[in-house]
Amino acid sequence: MNNDPSNTMATEGEPTDLVKVLHLLVLSFTWGMQLWVSFIAGFALVQQVTRHTFGLVQSKLFPVYFYCLLGSNFVSLALYAVYHPRELLDWHESLQMGLFFVSLVMAGLNARWFGPAATEVMFQMREVEEEHGLGNQIGLSSEREAFAKLKEQDPKYKAFKSLFGRYHGLSSLCNLLGFICITVNLIYTALNLSTI
C-alpha cells in the first residue's frame, strides 16, 4: 500500500483488479446504453414504424432502461464510495462522487416518476388519436398537420399534449443530465486508469 501523502487518489485500500474491471465495465455499460437509447435507437426506429408502435415500444423499453440506469449508477457510486472515503477526497474526487450521485438521482426520477407519467399520458393521447384515425402512418412528419388540427379542435387532446410535453421534457432533461455526468466520470476514469 502506498503511504505517500502526495498520492492523487485517496483510498482506504486499493481495489482489486476485479473491482477495477467491474467499475469500468459498469461505467462503460451505462454510457453505451445511454448513448444508444438516447441518440440512436429512437431516431432509427421512428422512421420505420407507426407513431403508435413507436410509443408502444418506448413504453416497454423505457422502464427497463431507467431501472438498468438506476442499478448501474448505484453500483458505480457504491464502488467509487468504498474506495474514496469522504474525509479523504480532493476536489476532483468530490466532483466525481457528486456526478455519480446526480446521475443516480436523475435515473431514479425517470424510473419512478417522469417515465411512467409520460407513458400514461402518451396512452391517453393515443386513445384520442385513434378516435380520429391518426397515428398509424409511418414516420412523424406524415400526419403533422392533422395532429396540429386535432390539438386546435380538441381541448382534452391539447391538455394531454401539453402534459405529455412537460413530462417528456423533464424526463429528457434528467436523461441528458445523467448522460453528461456519466460522460464526465468516464473521462475522469480514462485519464486516471491506474487509480480507479
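The values are calculated or read from the model by the stated rules, or taken from the named source; none is laboratory data. Since this is a predicted model, take the numbers as computed values, not measurements. Methodologically, a virtual Cβ is constructed for each residue, glycine included, from the backbone with ideal geometry; neighbour enumeration extends over all protein chains shown.
Would region 61-80 turn up any residue that is outside any helix (DSSP H, G or I) and either at pLDDT 90 or above or out of contact with any Lys or Arg (no Cβ under 9 Å at 6 or more places or on another chain) (or both)? Don't jump to the end; show me each part of the working.
First, the residues of region 61-80 that are outside any helix (DSSP H, G or I): none.
No, region 61-80 has no match at all.
Search region 126-182 for residues being surrounded by 16 or more Cβ atoms within 10 Å (Cβ to Cβ) and of a type in the set (Val, Ile, Thr), and hand back the single one that is farthest from residue 66 (Cα to Cα).
Applying the filter and picking the extreme gives 128.
Within the bounds of region 139-148, is there any residue that is touching a residue at least 40 places away in the same chain (Cβ under 8 Å), farther than 30 Å from residue 100 by Cα and not in a helix (DSSP H, G or I)? Working first, answer last.
Here is the first cut: in region 139-148, the residues touching a residue at least 40 places away in the same chain (Cβ under 8 Å) are 139-140, 143.
Then keep just the ones that are farther than 30 Å from residue 100 by Cα; that gives 139-140, 143.
Still in the running and not in a helix (DSSP H, G or I): 139-140.
Yes, some residue in region 139-148 is touching a residue at least 40 places away in the same chain (Cβ under 8 Å), farther than 30 Å from residue 100 by Cα and not in a helix (DSSP H, G or I).
What number of residues within region 143-179 satisfy the criterion of being basic (Lys, Arg) and farther than 22 Å from residue 46 by Cα?
From region 143-179, those basic (Lys, Arg) are 144, 149, 151, 156, 158, 161, 166; that's our starting set.
Retained after the next criterion (residues that are farther than 22 Å from residue 46 by Cα): 156, 158.
So the answer is 2.
Just one of the numbered conditions (1) farther than 22 Å from residue 180 by Cβ; (2) at pLDDT 95 or above; (3) surrounded by fewer than 16 Cβ atoms within 10 Å (Cβ to Cβ) is not true of residue 36; which one?
Here residue 36 meets the rest and fails (1).
Considering each residue of region 151-196, count those that are in contact (Cβ under 8 Å) with a residue 12 or more places away in the chain and touching a Lys or Arg at 6+ places or on another chain (Cβ under 8 Å), and give that number.
Qualifying residue count for the region: 3.
For the list (1) at pLDDT below 95; (2) in a helix (DSSP H, G or I), I need the number of the one condition that residue 48 fails.
Going through (1) at pLDDT below 95; (2) in a helix (DSSP H, G or I) one by one, residue 48 breaks only (2).
Among the residues of region 167-182, are any under 17 Å from residue 56 (Cα atoms) and at pLDDT below 95?
Within region 167-182 (the criterion being under 17 Å from residue 56 (Cα atoms) and at pLDDT below 95), the answer is no, since none of the residues qualifies.
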